[in-house]
Amino acid sequence: MELFYHPLSRYSQKVLIALYEKQANFYPRVIELSDPFSRNEFKQQYPLGKLPLFKTRTGDLLPESSIIIDYIDHEFATGTRLLPQDYSQRLQVRLYDRLIDNDLNNPLYLLEQMEAREEENPIKVRQLEKEIMLLLNELNDKLQRHHWLCGDAFTMADCALIPCLIHARNRLKLYQLDPIDRYLNQANTRGAWIQVQEEIELTRIAVQAGFRPIP
Ligand SMILES: N[C@@H](CCC(=O)N[C@@H](CS)C(=O)NCC(=O)O)C(=O)O
């Protein structure tokens, strides 16, 4: 099994956390989407050209972070169960996974794109920040009642949330939201996330030193 990914892509980080939680064996294949040669080569294999992408045991290609996590949770009996067996609990996990991708990860990405392009549009920035804060406040309330996002157990919803919160932390003053702050400290002691963070750090250092193109 192979994972095509980039260590600085949040959707890739989400899947990496899941793979480490499951103690799954896989071949890591880092793809530099910012490098035209590497991008074209990847697109020949997967024309939509998005990361992460997973090659299954039977050689099928699976895109979409949540679908990949569903597959590996089913495929590996080891480690953390990421999608609860109970139907209503599983529905909650799927719901929050969708909300986080659509209403937190994607607007965060739009903000980063605007910054990278040095695009001046304060109204759009405020609108995106408001959208993000609406969901963060709801997550904050939920975390007041739960240890992990959807209960006592770590799930796919946490795989989706942790990388986003780390990126949102400085920009959005998350330390004012106590339950989210507590959750972040707790996430920082989780083995799977520590492993992902190490790779993020090494990649950042390589990008800063000019050894790798900026994603
Ligand atoms: N819904 C997809 C989103 C994947 C996605 O947007 N990946 C970004 C990197 S974080 C990407 O590959 N962007 C390159 C592009 O859009 O050309 C998932 O959950 O995996």
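Partner lysines whose Cα lies under 20 Å from the Cα of K43, excluding those fewer than 8 positions away in the same chain, are identified as K55. Residue by residue, region 2-8 carries 3J(HN,Hα) couplings of 10, 10, 8, 7, 10, x, 9 Hz when phi is fed to the Karplus relation 6.51 cos²θ - 1.76 cosθ + 1.60 (θ = phi - 60°); x denotes Gly or Pro. Helix content alone sets the calculated 222 nm mean residue ellipticity of the chain: runs of n ≥ 4 DSSP H residues at -39500 (n - 2.57) each, divided across all residues, give -19500 deg cm²/dmol.
The chymotrypsin sites (Phe, Trp or Tyr not before Pro) of region 146-215 meeting both criteria, a DSSP state outside H, G, I, E and B (loop) and at most 10 other C-beta atoms within 10 angstrom of the site's C-beta, are F211.
By other beta-carbon atoms within 10 Å, ranking C159, C164 with the fewest at the front produces C164, C159. Distance between the pseudo-spin-label points of E75 and S88 (7 Å out from Cα toward the beta carbon): 3.3 nm. Applied to region 144-152, the Karplus parametrisation 6.51 cos²θ - 1.76 cosθ + 1.60 on θ = phi - 60° returns per-residue 3J(HN,Hα) values of 5, 9, 10, 6, 9, 4, 10, x, 7 Hz, with x for Gly and Pro.
For I31, the residues whose amide H sits under 5 Å from its own are Y5, H6, ignoring neighbours fewer than 5 places away on the same chain, with H placed 1.01 Å from N.
For a straight C-alpha distance cut-off of 24 angstrom, the lysines reachable from K142 (same-chain residues fewer than eight places away being disregarded) are K14, K130, K173. Rounded to the nearest 0.05, what FRET efficiency do Q195 and Q127 have when you use their Cβ-Cβ distance and R0 = 25 Å? With R0 = 25 Å, the Cβ-Cβ based efficiency is 0.10. Once both labels are positioned 7 Å from their Cα atoms along Cα-to-Cβ, the gap between Y27 and R204 label points is 3.1 nm. In this simple spin-label model, placing a label point 7 Å from the Cα along the Cα-to-Cβ direction at both K173 and E64 gives a separation of 3.8 nm.
Among the DSSP beta bridges whose two residues both lie in the chain, what percent are antiparallel, rounded to the nearest 5? Taking every DSSP beta bridge with both residues in the chain, the antiparallel ones total about 65 percent.
Throughout, read-outs are computed from the coordinates displayed, never taken from laboratory work. What you see is a predicted model, and the numbers here were worked out from it, not measured in a lab. Neighbour counts are summed over all protein chains in view; Cβ atoms, including those assigned to glycine, are modelled from backbone coordinates with ideal geometry.
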